[in-house]
Amino acid sequence: MTRSNQQLMERRQKAVPRGPFHVTDRFAVRARGARITDAEGTEYIDFTGGIGVVGTAHSHPHVLEAVKRQVDLLIHTCFHVMPYEPYVRLAEELNRRTPGNRAKKTFFCNSGAEAVENAVKVARAYTGRPAVVCFQNAFHGRTLLGMTLTSKVVPYKKGFGPFAPEVYRIPYAYCYRCPFGAPGPEVCSLECAENLRELFATGVDPDSVAALVVEPVLGEGGFVVPPARFLYRIFEICREHGIVVVADEVQTGFGRTGALFACEVMGVVPDLITTAKAMASGFPLSGVTGRAEVLDAPQVGGLGGTYGGNPVSCAAALATLEVIDQEDLCGRAKLLGERVRQRFLRLRDELPVVGEVRGLGAMMAMELVTDRSTKEPATDLTQRLGQYALDHGVVTIKAGTGGNVVRLLPPLCIEEADLERGLDVLEAGLKELSG
Ligand SMILES: Cc1ncc(COP(=O)(O)O)c(C=O)c1O
């Protein structure tokens, strides 16, 4: 049995295609709390949470217990063959906890992309319309429709066409790089939101649009937090035209932004919400929650899948919600986020490579640039900073179309000493590499 990271990587290269990428060249063996141990026994502070999945903690004892109990009882029947209670209970929880107090329903699938695909299916069935509107810098997954809705071409789309038809894209409210040239939020007339009206005049008939799919905060696109007014306005325009608003909360959901869902922080209520990632603390599970009459539009048998809403994943998700409540993880997200924001802002004062510090709750990031006036993405520096952090015991991940955004998604249970130590490493690395 080979043991070293390098030997394992050699086996991986032979056995697995190059397509699935890696942020690090270290093989994980075990993880607890906010720490991961690799094949050589080296321990790392985890600033990624498996890309926003491990929201509570690696193997949180309460989640572990619930999973073990469920495994002993029932692992799989397929919800379509013989239903089981944890699925229904989790649906009830999400119906109650998602924004908006209209009658809601939820159904489950396996991945974020699958949730987005299904939200669009449901919206099409409800409206009888074909088209979908999405945004620049959006990420919605890697399936055919998911990658079509996704904005970034390399690596997500190049070579993979033809894409799904009837998808229209408009700019997001990326204020740091305002697509309409507004010099700052104080002089902003929300041209980006009004651009939706322009699309309906020159790009697609709004009467043929089933859904608008939007991340309330861009995830892979670089942790871009739009003004709440932007979301409010586009939701309003969609309502004028009977378009179903889908908030993709796959990355923002389950406490990360300081509330269970980012839409709550933003004060907006979508028709449908897609969830995945942190919902089940690492077990594959995703869902679509929203207005009951919209979710009831597809015919019996029109929604589903073999594994969707697996009993073990549902048990993990129910326990995850309990942990979020019991440990006030929404409050903790705000606290951690504020710590990170203050550290990043200090760095911004010192180092011209830090172009912008932004985020919501514990979804914090800094965008690195080679020059503050040109805002040229510091792609290479961001890559080197990730390697520096890894070599000093911290796993980080980047984001942004330019690959120049350092984003933090640590498990919310992270010890404050670990958070500070990880931030010390990022600070030292940035000073050394940009000096
Ligand atoms: C907002 C958003 N939607 C959808 C997805 C796709 O999720 P999955 O990788 O589980 O298919 C992601 C993944 O990062 C995401 O961030």
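Taking 7 Å along the Cα-to-C-beta vector as the label spot, tell me the L351-N101 distance in nanometres, rounded to one decimal.
Roughly 4.8 nm, to one decimal.
Between T306 and I51, what is the label-point separation in nm under the 7 Å Cα-to-beta-carbon projection?
For the pair I51/T306, the computed spacing is 2.3 nm.
Once the mean 1/r over all distinct Cα pairs of the chain is inverted, what Kirkwood radius in angstroms do you read off? Don't skip to the end; give the middle numbers.
Values: mean 1/r = 0.0448 Å⁻¹.
Taking the inverse mean of 1/r over all distinct Cα pairs, the chain comes out at 22.3 Å.
Placing +1 at every Lys and Arg Cβ and -1 at every Asp and Glu Cβ, with all other atoms neutral, what dipole size does the chain have around its Cα centre, in debye to the nearest 20? Intermediate values should be presented prior to the final figure.
Numbers: 48 positive and 50 negative charges, 140 e Å.
For the chain, the charge dipole is close to 680 debye.
In terms of Cα to Cα distance under 20 Å, which aspartates and glutamates are near enough to K157, apart from those fewer than 8 places away along the same chain?
Within the straight-line limit of under 20 Å, K157 reaches these aspartates and glutamates: E114, E117, E166, E215, E220, D248.
Rounded to the nearest 500, what is the chain's calculated 222 nm mean residue ellipticity when only DSSP H runs of at least 4 contribute -39500 (n - 2.57) each, over all residues? Can you show the working numbers first?
Values: 14 runs with 167 residues, N = 435.
Here the helix-only value at 222 nm equals -12000 deg cm²/dmol.
Set Lys and Arg Cβ to +1 and Asp and Glu Cβ to -1, take the dipole of the chain about its Cα centre, and tell me which of G255, A333, L390 lies farthest positive.
L390
Provide the percentage of antiparallel DSSP beta bridges, counting only those with both residues in the chain; round to the nearest 5.
65 percent
Please compute the length gained on full extension between A164 and A428, using 0.36 nm multiplied by the number of residues separating them and subtracting their Cα-Cα distance. Please report the intermediate quantities before stating the final value.
Details: separation 264, 0.36 × 264 = 95.04 nm, distance 4.51 nm.
This chain segment gains 90.5 nm when fully extended.
With a 10 Å radius around each residue's Cβ, average the other Cβ atoms per peptide and rank 234-247, 17-30, 147-160, highest first.
Values: 234-247: 21.1, 17-30: 11.9, 147-160: 16.0.
Highest to lowest by the protection proxy: 234-247, 147-160, 17-30.
Check which residues have an amide H placed less than 5 Å from L409's amide H, if you skip close sequence neighbours.
So L409 has HN proximity to T48.
Could you tell me which residue out of Y84, I273, Y307 lies farthest along the dipole of the chain toward its positive end? Charges go on the beta carbon: Lys and Arg +1, Asp and Glu -1, centred on the Cα centre.
Result: Y307.
Read the figures in this text as sums done on the coordinates, not as results from a lab. Remember, it's a predicted structure, so these values are computed and weren't measured experimentally. Reconstructed Cβ throughout: ideal geometry from the backbone, glycine too, with neighbour counts over all protein chains shown.
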